[in-house]
Amino acid sequence: VRALHLSANTPEIRVTADPNTAGSPDVDLPGAFPAGLPYLGATAYQTIPPDLYNVRAVESATPATQLFSFTQTYVLGSRVSVLLVGRKAAGTTLSTLAPVTLFDSVRPIANVGQLRFVNASSEEPRVDVYVLASDQPISGQFPAATGISLGAATAYLQFTPGNYVVKLARANTTTELAAAGVVLASGAAVTLLARDQPTGGTPVVIQTQADLP
């Protein structure tokens with residue numbers, strides 16, 4: 001299990017997993033971040049015993065402020081990412097803060113590069129994703145995925161190994177929001193995340209996480 005902090009206006013967090021088995025200790029997921037997991041922070045995968053877990057996130061500075069709590073079973077051989085996405089409420093603004101759990105790829109596929117996309121940008125609630133062989137306008141191109149909403153993810157899409165340019169567009173338009181190059185190696189799996197700028201507003205930024213080397 002690994003943890004990623006993708007909420008631009010939420011301070012450092014602590015993510016713990018409390019196993020259902022009596023006597024088993026809590027697991028501190030961002031243990032490599034002594035002061036707490038900061039915005040854009042991502043832990044490495046941490047090995048935990050298979051069990052039913054209550055997964056909780058709190059603000060490090062104010063542990064009484066709970067951000068999410070959910071129960072999930074993690075089985076032997078699974079690989080899971082727990083993400084905090086959205087924005088905290090400010091004034092009369094409704095909060096979009098929410099946890100996202102993703103079961104990551106654990107199986108390399110020979111001669112195939114796997115690519116998954118997650119929309120973690122509260123500034124763009126729905127986006128289309130283009131995966132192009134070169135840096136070209138998206139006009140006239142077919143998207144690889146459409147209408148990906150906040151907190152939603154595509155399946156792992158399979159491509160011939162090589163270099164690609166991923167472009168995001170506002171859903172049902174050709175308005176480009178962000179672009180990034182990505183290398184899809186044979187047997188590798190990569191997750192791309194659209195995230196907010198720390199100060200808010202567009203453009204969104206693409207962040208890459210390797211799921212399989």
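The values are calculated or read from the model by the stated rules, or taken from the named source; none is laboratory data. Only a predicted model underlies this, so the values are computations on that prediction, with no experimental measurement involved. Note that we place each Cβ from the backbone using ideal geometry, even for glycine, and neighbour counts take in every protein chain shown. We work out accessible area using only protein heavy atoms, side chains counted, and drop any ligands, DNA or RNA first. Shrake-Rupley method; radii C 1.70, N 1.55, O 1.52, S 1.80 Å.
Take the Cα pairs of the range 58-213, get the Kirkwood Rh, then feed it into Stokes-Einstein at 25 °C and 0.890 mPa s and tell me D in µm²/s.
147 µm²/s
Work through the residues other than PRO19 whose Cβ is under 13 Å from its Cβ and net out their charges, Lys, Arg +1 and Asp, Glu -1.
-3
What accessible area per residue, rounded to a whole number of Å², is obtained for the range 1-123 using a probe radius of 1.4 Å? Write out the running numbers ahead of the final one.
Values: 5620 Å² over 123 residues.
Per-residue accessible area for the range 1-123 comes out at 46 Å².
Consider just the alpha-carbon atoms of the range 86-158 and return their Rg together with their Dmax, both in angstrom.
Every Cα atom of the range 86-158 included, Rg and Dmax give 15.5, 51 Å.
I need to check one value: relative contact order of the range 113-175, counting alpha carbon pairs closer than 8 Å and at least 6 residues apart, in percent.
On the way: 117 pairs, mean separation 30.1, N = 63.
In percent, rounded to a whole number, it is 48.
On a C-alpha basis, how far is the centre of the range 64-107 from the centre of the range 142-175 in Å? Whole number, if you could?
21 Å
Radius of gyration and Dmax for the range 171-213's Cα atoms, expressed in Å?
Taking only Cα atoms of the range 171-213, I get Rg and Dmax of 12.8, 37 Å.
Quick one: check the C-alpha center-to-center distance for the range 19-33 versus the range 108-140, whole angstrom.
34 Å
Given +1 on the Cβ of Lys and Arg, -1 on the Cβ of Asp and Glu, and no further charges, what dipole in debye does the chain carry about its Cα centre, rounded to the nearest 20?
200 debye
Quick one, can you get me the convex hull of the C-alpha atoms of the range 1-149 expressed as volume per residue in Å³?
Normalising the Cα hull of the range 1-149 by residue number yields 152 Å³.
When the chain is fully extended, how far beyond the present Cα-Cα distance does THR173 get from PHE70, taking 0.36 nm per residue of separation?
Fully extending the segment from THR173 to PHE70 adds 33.5 nm.
Among 144-154, 63-73, how do they line up by average Cβ neighbours within 10 Å per residue, starting with the highest?
Result, highest mean first: 144-154, 63-73.
So for the range 122-213, averaging the separation of alpha carbon pairs under 8 Å that are six or more residues apart and normalising by length, what relative contact order in percent results? All intermediate terms of the calculation are to be shown ahead of the outcome.
Values: 179 pairs, mean separation 24.3, N = 92.
Dividing the mean separation by the residue count of the range 122-213 yields 26 percent.
In the chain, carbon and sulfur make up what percent of the accessible area (probe 1.4 Å)?
That fraction is 55 percent.
Among LEU84, ALA64, LEU102, whose Cα lies farthest out toward the positive end of the dipole of the chain, if unit charges sit on the beta carbon of Lys, Arg (+1) and Asp, Glu (-1)?
Most positive-ward Cα: LEU102.
So what is the relative contact order for the range 59-213, in percent, with contacts set as C-alpha pairs under 8 Å and at least six apart?
It rounds to 23 percent for the range 59-213.
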